[in-house]
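The values are calculated or read from the model by the stated rules, or taken from the named source; none is laboratory data. Keep in mind that this is a model prediction, so the values were computed, not measured. Reconstructed Cβ throughout: ideal geometry from the backbone, glycine too, with neighbour counts over all protein chains shown.
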Ligand code: GLU
């Protein structure tokens with residue numbers, strides 16, 4: 001049974017769960033999927049599954065079937081939309097438009113070079129210090145392409161976005177800087193791919209953990225630059241372990257597949273997560 005949030009006069013929502021098959025799903029993923037599922041179903045809308053399988057050598061396509069079994073075990077119902085690996089042409093086309101407008105620039109820096117250039121920590125790792133923006137790199141070297149954040153915001157003007165829980169937000173890229181939009185090895189980064197996909201899939205409520213809240217400033221900017229529809233967001237609270245750290249497989253949070261294979265009842269687990277989530281108040 002899904003929980004019923006009071007949503008008077010709410011149009012049917014389209015939400016999604018977009019796991020990357022880099023490792024098995026754990027409880028945090030289950031919560032994300034359940035929140036997205038229940039919000040969509042309570043509104044009479046659609047819950048989508050999108051496999052984000054473009055993480056190069058880290059991607060293990062065989063895990064996608066495990067993910068589907070996990071969701072079924074939790075008692076969720078979904079419509080599946082095409083995986084990211086089938087959408088590379090649309091990412092390349094969008095990157096080409098951004099390049100033609102001078103809104104992204106090539107960057108050959110390695111992580112080590114970025115650290116050595118004195119980059120400071122932002123909301124999601126180091127803020128790029130702008131080395132290749134100031135001095136264009138050797139075109140013979142493999143390059144990623146970065147958003148020129150200052151140019152982008154001069155182009156869009158002030159932007160706002162709306163989170164169900166955090167409320168209205170003004171776009172501020174200062175905590176992220178010039179993020180990578182096209183990776184050295186792929187026609188897109190997470191930011192570009194997810195923004196294009198959510199638009200292509202007609203997602204109206206982007207539901208994911210609060211650890212990705214800052215990324216939405218970039219996604220809102222890309223929507224404005226590329227003329228894409230603007231959804232609402234719902235960044236839910238994260239489950240934590242006894243030490244207050246975010247649950248993660250590497251810190252011993254058991255994979256859903258292990259629990260499923262051990263004979264646990266997934267629907268009961270889903271109900272427990274719903275209750276825990278209500279207690280979190282997010
Ligand atoms: N593939 C991303 C992840 O697994 C999806 C994040 C999102 O929902 O935007 O973290």
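In the condition set (1) buried (at least 17 other Cβ atoms within 10 Å of the Cβ); (2) away from the ligand (no atom under 13 Å from the Cβ); (3) under 15 Å from residue 193 (Cα atoms), residue 27 is compliant with all but (3). Can residue 99 be described as away from the ligand (no atom under 16 Å from the Cβ), part of a helix (DSSP H, G or I), out of contact with any helix residue (DSSP H, G or I) (no Cβ under 8 Å at 6 or more places or on another chain) and under 23 Å from residue 225 (Cα atoms)? When the stated conditions are applied, residue 99 passes them.
Listed here are the residues, each with its yes/no results for (1) touching a helix residue (DSSP H, G or I) at 6+ places or on another chain (Cβ under 9 Å); (2) assigned to a strand (DSSP E or B); (3) over 11 Å from residue 21 (Cα atoms).
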{"residue": "61", "(1), (2), (3)": "yes, no, no"}
{"residue": "67", "(1), (2), (3)": "yes, no, no"}
{"residue": "77", "(1), (2), (3)": "yes, no, yes"}
{"residue": "89", "(1), (2), (3)": "no, no, yes"}
{"residue": "95", "(1), (2), (3)": "yes, no, yes"}
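Among the residues of region 139-179, the ones that are closer than 24 Å to residue 205 by Cα and in a strand (DSSP E or B) come to 8 in all.
Among the residues here, residue 118 does not qualify as surrounded by 14 or more Cβ atoms within 10 Å (Cβ to Cβ) and out of contact with any helix residue (DSSP H, G or I) (no Cβ under 8 Å at 6 or more places or on another chain). Is region 44-55 home to any residue that is surrounded by fewer than 22 Cβ atoms within 10 Å (Cβ to Cβ), in a helix (DSSP H, G or I) and within 14 Å of the ligand (Cβ to nearest atom)? No - not one qualifying residue is present in region 44-55. Condition (residue is over 25 Å from residue 208 (Cα atoms), crowded, with 19+ Cβ neighbours inside 10 Å and away from the ligand (no atom under 16 Å from the Cβ)) applied to region 64-87: is it met by at least one residue? No, the conditions are met nowhere in region 64-87.
Is it the case that residue 133 is within 24 Å of the chain's Cα centre (by Cα), touching a residue at least 24 places away in the same chain (Cβ under 8 Å) and assigned to a helix (DSSP H, G or I)?
In short, no.
The residue list 192, 173, 213 contains one member that is within 17 Å of residue 149 (Cα to Cα), touching a residue at least 12 places away in the same chain (Cβ under 8 Å) and under 13 Å from the mean Cα position of the chain (by Cα), which is 192. If you go through region 154-205 and pick out every residue that is within 16 Å of the ligand (Cβ to nearest atom) and more than 19 Å from residue 232 (Cα to Cα), you end up with 8.
Restricted to region 184-221, and to residues there that are assigned to a helix (DSSP H, G or I) and more than 23 Å from residue 58 (Cβ to Cβ), the residue that is modelled with the lowest pLDDT is 210.
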